[in-house]
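Chemist: Below: one structure in structure tokens.
The values are calculated or read from the model by the stated rules, or taken from the named source; none is laboratory data. The shown structure was predicted, so the numbers you read here are calculated from the model rather than taken from an experiment. Here the Cβ positions follow ideal geometry from the backbone for every residue, glycine too, while neighbour counts run over all protein chains shown. These accessible areas exclude ligands, DNA and RNA; they are computed on the full protein's heavy atoms, side chains included. Shrake-Rupley method; radii C 1.70, N 1.55, O 1.52, S 1.80 Å.
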Amino acid sequence: MAPPYYADLGKKANDVFSKGYHFGVFKLDLKTKSESGVEFTSGITSNQESGKVFGSLSSKFAVKDYGLTFTEKWNTDNTLATDITIQDKIAAGLKVTLEGTFAPQTGTKTGKLKTSFTNDTVAVNTNLDLDLAGPVVDVAAVLNYQGWLAGVHTQFDTQKAKFSKNNFALGYQSGDFALHTNVDNGKDFGGSIYQKVSDKLDCGVSMKWTAGSADTLFGVGAKYALDQDASLHAKINNKSLIGLGYQQKLRPGVTLTLSAAIDGQNFNAGGHKVGVALELEP
């Protein structure tokens, strides 16, 4: 089993706490594919509290013979983005992406060069911010030995000549179990446990703590598959914040998600949030 990238350490547990919930928003996602192979993804999100509506549109086209992928993105903040990716052509397991963004109303431009490489032993990814004033270099690596994982993530700001991130992580993963612990910048500590109890039940435990603070965030979550088309989601933390979700595949390519966030400490005071999301794909 290949190791995950650093950003994906603890992903199985994180998915238990994040997937199936859309608190405080109404969301619609649509995925389509043209006959020529161009994939289109569009989405719109309405925030109930702020009233802000955010939309996005992206197109993706792959030239498989050359390992190339072209992606164009636009959103209602009027930001344009272009990604060009080549994978497994320079070397097996190596992926290189050139990413650029442009905001016409301000003239702001950004660029990044991203690389990632993975095999059965190591997963390495780098991000280079193409800023002529002083690029930011971001490097992360994860080593795998018989299911045990050790990761490091560092970020160096060449303009300030200092390390802005120094993160470390340890973990273990198997087919139905995953354990992850991390230390960020020597002061933020975190950990998670994922267990696939059965074919229908997935459980997760998460904990976060900051040095110098007595406040610890601890949560448990679960996903239960009622059948192949419906699932229940639930989570709660030590601050009595409760999340509930129900996901139903109405028909092939149409998925409805209903979710609610409840403040258990102030149940009668209101302020609870509900969310609705509809996903459409061919």
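Chemist: Using a Förster radius of 30 Å, what is the FRET efficiency between Phe61 and Ala230 based on their Cβ-Cβ separation? Nearest 0.05, please.
Modeler: 0.30
Chemist: Can you pull out the trypsin sites (Lys or Arg not before Pro) in the range 7-58 whose DSSP state is coil and whose Cβ has at most 16 other Cβ atoms within 10 Å? Intermediate results must be reported in sequence, preceding the final value.
Modeler: On the way: sites: Lys11, Lys12, Lys19, Lys27, Lys31, Lys33, Lys52; in loops: Lys19, Lys52.
Of the trypsin sites (Lys or Arg not before Pro), the ones in loops of the range 7-58 whose Cβ has at most 16 other Cβ atoms within 10 Å are Lys19, Lys52.
Chemist: Which entries in the list Lys64/Lys89; Lys165/Lys208; Lys12/Lys52; Lys31/Lys73 go over 22 Å, if you measure between the two C-alpha atoms of each?
Modeler: As for pairs spanning more than 22 Å Cα to Cα, those are Lys12/Lys52.
Chemist: Here's another thing I want to ask about it. Over the range 4-278, how many percent of alpha carbon pairs lie in each 10 Å bin up to the one with the longest distance?
Modeler: 6, 19, 28, 35, 11, 1, 0
Chemist: Could I ask something else about it? Just to confirm my numbers, what's the Cα centroid distance between the range 1-80 and the range 241-265 in Å?
Modeler: Centre-to-centre distance over Cα atoms comes out at 19 Å.
Chemist: Now a separate question. Identify the GluC sites (Glu not before Pro) of the range 1-92 meeting these criteria: DSSP loop state and at most 10 other C-beta atoms within 10 Å of the C-beta.
Modeler: Answer in residue order: Glu35, Glu49.
Chemist: Ignoring ligands, DNA and RNA, please state the percent of accessible area on the chain from carbon and sulfur, probe 1.4 Å.
Modeler: Taking all protein chains in place, the chain shows 59 percent carbon and sulfur surface.
Chemist: For the range 4-278, report the accessible area per residue in Å² (1.4 Å probe, heavy atoms, rounded to an integer). Please list the in-between numbers first.
Modeler: Details: 16530 Å² over 275 residues.
Roughly 60 Å² per residue, with all protein chains present.
Chemist: Just how far, in whole angstrom, is the range 201-218 from the range 87-144 if you go by their alpha carbon centroids?
Modeler: Value for the Cα centre distance between the two parts: 30 Å.
Chemist: For the range 191-226, state which chymotrypsin sites (Phe, Trp or Tyr not before Pro) are in a DSSP loop and have at most 15 other beta carbons lying within 10 Å of their beta carbon.
Modeler: Here no loop site has a sparse enough neighbourhood.
Chemist: At 0.36 nm per residue, and after removing the present C-alpha to C-alpha distance, how many nm does the segment from Ala214 to Val197 gain when stretched out fully?
Modeler: Difference between extended and current length: 2.9 nm.
Chemist: Full-extension gain between Trp74 and Phe177, please, as 0.36 nm times their residue separation minus the C-alpha to C-alpha distance.
Modeler: 33.3 nm
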